[in-house]
Amino acid sequence: MTEAPPYPQNRTCPYQPPEGYRAIGEQGPVLKVTLFDGREAWMVTGFKESREILTHPNLSSQRTHPGFPIVAPRFRSAIARNLALIAMDPPQHDIYRRYLNPHFSLKAVRRMRDDIEQVVRDFVDKIVEHGPPADLISMLAVPLPSLIICRHLGVPYEDHDFFQDSSGKIMLGSEEDSTSAGQDLVDYLDKMTRREIDNPTEGLIGTLARERVQTGELTQDDLVAIALVLLIAAHETTSSTLALGMITLLEHPEQYARLRADMSLLPKAIEEIVRYVSTTDLVAVRVAKGDIEIAGHHIEAGEGVLVSGTIANRDGAVHQRPEEFDVARSDTHHVTFGFGIHQCLGQNLARLQLELAFEQLITRLPDLRLAVDVDELPIHGAGTVQRVLNLPVAWSS
Amino acid sequence: MRVTADRERCISAGRCMATAPDVFDQDDDGIVLVTHPEPGAAEQDLVTEAVDQCPARALEVSL
């Protein structure tokens, strides 16, 4: 009998799976892995099987369930265990999701296009003005999603350093840092939502205060929990995908040239980046609330279940040449945004920001290249959001 | 081909509308609308793809 391999593992290249994931994939599409605390959990690595289990009615997101798998010490915190939407099952999840859908639908996001394009242009103007080398993390990848979500929610962008710092610690910090950063953010949002309930402004938080809190459908604590999860989710994922996607493109010069020669490929290229870099590594952490039969395996009620986007996105059963980065690929199907009722609320906002950012960078910075060797880029994060801490690039100015 | 959508299941991901824009739309609440329930032959591959992409399994086609 094969021993359950350890999960998650650290990447050595920012956009490639850790070496050990190959062996995990070979034991898939469903196997058991060992977590940091010595407990075992089921892991789904097949693409079709990932979609199947993520739409299974016996899969639960209840993080307070004693069988819920904890993939890193920071996820023991009360805040991580009680995240709005993410840690909820129907019917409560669906009620919250319905409140938010009108504000994140594809149609709603398309109306934001001109505003986001102007924001991207302003950031890229500053990069051009700065001249090479410039750090794409601090000059675009981090501030762009931050500014966009702050405007959308109606929270002051002046406080973005605080949001970035807190979100980073909650997602990637030690158990202690994660807990205290989460509490700081809750305290901030407590004051902010109180102001919005008393005197609602234009953004999403003000809208929810007016339409849902004043009507008694949500409490102030519910609104704080919603604002918290939207801020954290928006600050981490788009930022990392932008950075890892740019590294991947620059490390594949023939693909970069192909895209630059035909920018109509961009939407496809964005899907391929999202598939290939698998920023979120682990796309789902769940517990079975009833028995589940999948791919010949029997998962019992109370057992933990993980879904690896990194491995499922490179599944030879559904992807041609799964390990190859191809901006014109037609089979870009991925589970990076998850699948089932919890699929990413902000996916269309993320896609649009990525599209506009890559468009401006590629067309305005000629001969764009990494200013350091890819091996020198500091990597952070295993199991959740994969990050590089800085990304110096150069171009012909 | 006849296309139906379960608006109760829809989570507003918008994959249908992005994939087959002549067949699917969203209302002001972000919920799916089937604008052409009987798409022509030219649309059928896109509709099949849209059904496959729907994360909420809210779309169905019958022949």
### Message
Kindly evaluate residue A:212 against the criterion of being touching a helix residue (DSSP H, G or I) at 6+ places or on another chain (Cβ under 8 Å), basic (Lys, Arg) and closer than 20 Å to residue A:153 by Cβ.
### Response
yes
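Report the residue count in region A:313-347 for those that are of a type outside the set (Val, Ile, Thr) and within 14 Å of chain B (Cβ to nearest Cβ).
Step one: filter region A:313-347 for residues of a type outside the set (Val, Ile, Thr), giving A:313-317, A:319-326, A:328-331, A:333-334, A:337-340, A:342-347.
Filter once more, keeping what is within 14 Å of chain B (Cβ to nearest Cβ): A:330-331, A:333-334, A:337-340, A:342-347.
Selection size over region A:313-347: 14.
The rows are residues; the columns are (1) among the small types (Gly, Ala, Ser); (2) in a loop (DSSP other than H, G, I, E, B).
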| residue | (1), (2) |
| --- | --- |
| A:41 | yes, no |
| A:50 | yes, no |
| A:53 | no, no |
| A:64 | no, yes |
| A:67 | yes, yes |
| A:70 | no, yes |
| A:75 | no, no |
| A:123 | no, no |
| A:128 | no, no |
### Message
I'm trying to understand the selection: among the residues of region A:111-135, which are under 21 Å from residue B:29 (Cα atoms) and touching a residue at least 24 places away in the same chain (Cβ under 8 Å)?
### Response
A:112, A:113
### Query
Given A:170, A:197, which one is surrounded by 23 or more Cβ atoms within 10 Å (Cβ to Cβ), hydrophobic (A, V, I, L, M, F, W, C) and either within 24 Å of residue A:18 (Cα to Cα) or at pLDDT 95 or above (or both)?
A:170
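Residues in region B:11-37 that are in contact with a helix residue (DSSP H, G or I) (Cβ under 8 Å, 6 or more places away or on another chain) and within 12 Å of another protein chain (Cβ to nearest Cβ): how many?
Going through region B:11-37 one residue at a time, the tally reaches 17.
What do you reckon, is residue A:45 polar (S, T, N, Q), away from chain B (no Cβ under 14 Å), touching a strand residue (DSSP E or B) at 6+ places or on another chain (Cβ under 9 Å) and under 19 Å from residue A:284 (Cβ atoms)?
yes
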## Note on the structure
residue B:61 meets each of (1) touching a strand residue (DSSP E or B) at 6+ places or on another chain (Cβ under 6 Å); (2) within 12 Å of chain A (Cβ to nearest Cβ); (3) surrounded by fewer than 16 Cβ atoms within 10 Å (Cβ to Cβ); (4) under 26 Å from residue A:48 (Cα atoms) with one exception, condition (2)
### Task
Tally the residues that are farther than 19 Å from residue A:98 by Cα, of a type in the set (Gly, Ala, Ser) and without any contact (Cβ under 8 Å) to a residue 60 or more places away in the chain, restricting the search to region B:20-63.
5
### Summary
Checked against (1) surrounded by fewer than 22 Cβ atoms within 10 Å (Cβ to Cβ); (2) on the phi < 0 side of the Ramachandran plot, residue A:310 satisfies every condition except (1)
### Query
How many residues are part of a helix (DSSP H, G or I) and within 21 Å of residue A:162 (Cα to Cα) when one looks only at region A:180-236?
35
### Message
For the list (1) of a type outside the set (A, V, I, L, M); (2) at pLDDT below 95; (3) surrounded by fewer than 20 Cβ atoms within 10 Å (Cβ to Cβ); (4) in contact with a helix residue (DSSP H, G or I) (Cβ under 7 Å, 6 or more places away or on another chain), I need the number of the one condition that residue A:74 fails.
### Response
(3)
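The values are calculated or read from the model by the stated rules, or taken from the named source; none is laboratory data. These numbers were taken from a predicted model, which means no experiment stands behind them. We place every Cβ from the backbone using ideal geometry, glycine too, and count neighbours over all the protein chains shown.
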